[in-house]
Amino acid sequence: MSKLSFTIAYASGEDIEYPARELNTHSPHTRGWQSARFCEFPQEIGLALTRPARLTQVQLLSHQSKIATRIELYVGDGPSYEQAVGAKRDRRRRDRTATTTIAITAQRE
């Protein structure tokens, strides 16, 4: 199984010490993304795959004391991140529980 190439397309918020763009670099020194302290929920981070792909496994790493209560994963397809997950995002925003959402989209070339 190989890792998929992606870029961060959207982040609803971030801690200035742990910005979402950290996830664009994969190395032992990458610090990762973290939402801002005392943020509003749900928090969302969007990944845009560089090419369409079949996902068979998604691996998430959490800090031992900063584990999300709930994680939702949405997969979309469209020419842009907004078009691929826009309607789903509008429905999710009505639910203000402590949720971290990861939306993954693939752009067709």
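The values are calculated or read from the model by the stated rules, or taken from the named source; none is laboratory data. Note that the coordinates shown come from a computational prediction; the quantities given were computed from them, not determined experimentally. Methodologically, a virtual Cβ is constructed for each residue, glycine included, from the backbone with ideal geometry; neighbour enumeration extends over all protein chains shown. These accessible areas exclude ligands, DNA and RNA; they are computed on the full protein's heavy atoms, side chains included. Shrake-Rupley method; radii C 1.70, N 1.55, O 1.52, S 1.80 Å.
Pull up region 47-63, narrow it to residues that are within 18 Å of Glu82 (Cβ to Cβ) and surrounded by 12 or more Cβ atoms within 10 Å (Cβ to Cβ), then point me to the one that is farthest from the chain's Cα centre (by Cα).
Going through the qualifying residues, I end up with Thr50.
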Worksheet, complete the sentence: (1) touching a Phe, Trp or Tyr at 6+ places or on another chain (Cβ under 7 Å); (2) within 18 Å of Lys3 (Cα to Cα); (3) at pLDDT below 80 all hold for Ala98 apart from (2)
Worksheet item: Looking at this structure, is Ala87 of a type outside the set (D, E, K, R), touching a Gly at 6+ places or on another chain (Cβ under 6 Å) and modelled with pLDDT under 80?
Response: no
Discussion item. Being modelled with pLDDT of 80 or more, within 16 Å of Tyr10 (Cβ to Cβ) and open to solvent by 60 Å² or more (accessible area, probe 1.4 Å) narrows it down to one residue among Glu44, Glu40; which is it?
Written reply: Glu40
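What number of residues within region 18-32 satisfy the criterion of being part of a loop (DSSP other than H, G, I, E, B) and either more than 14 Å from the chain's Cα centre (by Cα) or free of Cβ contacts under 8 Å to residues at least 24 places away in the same chain (or both)?
Start the filter on region 18-32 by keeping residues that are part of a loop (DSSP other than H, G, I, E, B), which leaves 19, 25-32.
Filter once more, keeping what is either more than 14 Å from the chain's Cα centre (by Cα) or free of Cβ contacts under 8 Å to residues at least 24 places away in the same chain (or both): 19, 25-31.
Total meeting the criteria: 8.
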